[in-house]
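Student: Before anything else, here's the structure in question.
The values are calculated or read from the model by the stated rules, or taken from the named source; none is laboratory data. Keep in mind that what you see is a predicted model, and the values were worked out from it rather than measured. Here the Cβ positions follow ideal geometry from the backbone for every residue, glycine too, while neighbour counts run over all protein chains shown. We work out accessible area using only protein heavy atoms, side chains counted, and drop any ligands, DNA or RNA first. Shrake-Rupley method; radii C 1.70, N 1.55, O 1.52, S 1.80 Å.
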Amino acid sequence: MLDGRFRRGVDRCVRPFGAALVRTGVSPDVLTATGLLLAVPTAWAIGSGHLLLGLALLIFSAVPDLLDGALAKAAGRATVRGAFFDSVSDRVTDTLVLGGVAWYLQGRDGGHAFALPLAVLGASLLISYQRAKAESLGFDAKGGLMERAERVVVLCVGLAFPVLLLPVLWVMLALTLVTAGQRFVKVWRQASVDVPAPARRWAPTGSRPRRSWLEVAERRRVEV
């Protein structure tokens with residue numbers, strides 16, 4: 001939701017910072033790696049019960065993740081490799097932070113409370129997979145009520161007010177699952193449109209003709 005509605009406004013705000021960082025000579029990958037490394041003490045602080053420290057570290061770890069894209073654009077260094085590194089780092093960061101929350105809840109409440117943040121993690125990985133898989137097939141799966149930016153903001157509220165942490169996690173889980181449903185329906189509708197099969201190009205005898213993404217998708221569907 002934030003990515004869809006406010007991304008342009010956020011980009012305009014961080015663009016000057018990206019231009020300023022160009023003069024420092026730091027690379028976008030360094031910023032991405034910094035955010036990833038900060039996720040480790042963030043998870044430790046949350047897991048050990050220092051929630052306000054964990055909140056501060058979570059915010060600090062989000063800043064490099066916010067600026068690496070702006071720096072890449074300002075420096076003309078936006079690459080597929082950088083986008084891949086950023087996406088993988090986000091998934092690792094989410095796993096560490098929510099793992100820290102699970103550790104904290106297990107020590108505080110016991111029982112099955114630790115499973116709630118792990119369920120949020122599973123749902124968040126699902127919507128990330130939906131987007132990646134859809135884009136690999138040529139579809140658009142962006143959007144939804146609870147994307148990563150929303151999850152970070154809502155989790156910050158839970159860390160700032162520990163009494164609200166469990167209700168906040170339930171809200172995150174519910175809205176993340178709604179987002180998964182939204183993305184599934186979005187891609188399903190795009191994939192339901194009849195696409196004319198491309199004309200098969202001539203290929204030399206013995207060579208293997210290239211297949212369209214539609215043919216590949218249909219074959220995978222049959223194999224599964």
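Student: If the Cβ limit is 8 Å and pairs must be 6+ apart or interchain, which residue in region 128-144 that is acidic (D, E) pairs with which residue that is open to solvent by 40 Å² or more (accessible area, probe 1.4 Å)?
Tutor: Listed by first residue and then by second, the contacts come to D140/K186; D140/Q190.
Student: Return the total of residues in region 103-119 being without any contact (Cβ under 8 Å) to a residue 40 or more places away in the chain and either of a type in the set (G, A, S) or open to solvent by less than 10 Å² (accessible area, probe 1.4 Å) (or both).
Tutor: Residues flagged as without any contact (Cβ under 8 Å) to a residue 40 or more places away in the chain and either of a type in the set (G, A, S) or open to solvent by less than 10 Å² (accessible area, probe 1.4 Å) (or both) within region 103-119 amount to 3.
Student: What are the residues in region 157-188 that are open to solvent by less than 30 Å² (accessible area, probe 1.4 Å) and touching a residue at least 60 places away in the same chain (Cβ under 8 Å), if any?
Tutor: L159, L165, L169
Student: Please note which helices (runs of 4 or more DSSP H) are completely contained in region 117-224 and include at least 3 residues that are at pLDDT 95 or above and in contact with a helix residue (DSSP H, G or I) (Cβ under 7 Å, 6 or more places away or on another chain).
Tutor: The helices (runs of 4 or more DSSP H) meeting that bar are 148-160, 165-191.
Student: Regarding region 36-52, can at least one residue be identified that is farther than 24 Å from F85 by Cβ, open to solvent by 50 Å² or more (accessible area, probe 1.4 Å), modelled with pLDDT of 95 or more and not in a loop (DSSP other than H, G, I, E, B)? Can you show your working first?
Tutor: Of region 36-52, the ones farther than 24 Å from F85 by Cβ are 45-52.
When the remaining residues are screened for being open to solvent by 50 Å² or more (accessible area, probe 1.4 Å), the result is 48, 50, 52.
Keeping just the survivors that are modelled with pLDDT of 95 or more gives 48, 50, 52.
Subset that is not in a loop (DSSP other than H, G, I, E, B): 52.
Among the residues of region 36-52, at least one is farther than 24 Å from F85 by Cβ, open to solvent by 50 Å² or more (accessible area, probe 1.4 Å), modelled with pLDDT of 95 or more and not in a loop (DSSP other than H, G, I, E, B), which makes the answer yes.
Residues checked against (1) over 18 Å from V40 (Cβ atoms); (2) buried (at least 19 other Cβ atoms within 10 Å of the Cβ); (3) not basic (K, R):
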{"position": "A72", "(1), (2), (3)": "yes, yes, yes"}
{"position": "V80", "(1), (2), (3)": "yes, no, yes"}
{"position": "L121", "(1), (2), (3)": "no, yes, yes"}
{"position": "L126", "(1), (2), (3)": "yes, no, yes"}
{"position": "Q130", "(1), (2), (3)": "yes, yes, yes"}
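Student: A further question on this structure: Of (1) over 14 Å from the mean Cα position of the chain (by Cα); (2) among the hydroxyl-bearing types (S, T, Y); (3) surrounded by 15 or more Cβ atoms within 10 Å (Cβ to Cβ), S136 satisfies all except one. Which?
Tutor: Among (1) over 14 Å from the mean Cα position of the chain (by Cα); (2) among the hydroxyl-bearing types (S, T, Y); (3) surrounded by 15 or more Cβ atoms within 10 Å (Cβ to Cβ), S136 violates only (3).
Student: A further question follows. Kindly evaluate L71 against the criterion of being assigned to a helix (DSSP H, G or I) and modelled with pLDDT of 80 or more.
Tutor: When the stated conditions are applied, L71 does not pass them.
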